[in-house]
């Protein structure tokens, strides 16, 4: 329980720090350009929102493909079923994490953002009491190193709908689209 609490607190700290002082290239360009009409701004805003809500189809991968974002990469190695502490069925995502940062030591926990969707709705993170290898997710890695058997669980909303797994690096989540990995549910 302490690990989970520290995980959540660490994630909150990383996200709040990443918001401080960050401006995207689009924001910088908008500062330099003269003001355009409200209609053009509204149209641009709607297009940007649509792009942010749906990952680019160019980045759609499948299980076993390397997904690279910012200063890290993952490979989804497998999916399996499990149960959370409330007895609900969950899908456990097993992946290999690689630290591509040239200078910093970092962990999968501090540098990745993984979300899983079913039927277009994000799944809730699962707290699994046994049968999950969560320790590798916490281990720091030196630049260029990889670690396998990182696992995260997500509470299923359907036992038939396929999964969409979104991956992004914390360092690039405001400047790059997330990488989309599509997968069917594992066989029982």
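Label zone of residue 77 (point 7 Å out along Cα→Cβ, amide N under 16 Å): in region 149-174 this covers 149-153. Packing-based ranking of 99-105, 182-188 yields 99-105, 182-188, ordered from highest to lowest mean Cβ neighbour count within 10 Å. Starting from the Cα gyration tensor of region 49-178, take the square roots of the eigenvalues, sort them a ≥ b ≥ c, and report rounded, prolate or oblate (rounded when a/c is under 1.5, otherwise prolate if a/b is larger than b/c, else oblate). Cα axes put region 49-178 in the oblate bin.
The calculated FRET efficiency for the pair residue 60 and residue 89, based on their C-beta separation and a Förster distance of 25 Å, comes to about 0.45.
Read-outs throughout are calculated quantities, based only on the coordinates presented, and are distinct from any laboratory measurement. Everything numeric in this text was worked out from a predicted model, so none of it was measured. In this analysis, Cβ positions are derived from the backbone assuming ideal geometry, glycine residues included, and neighbour counts consider all displayed protein chains.
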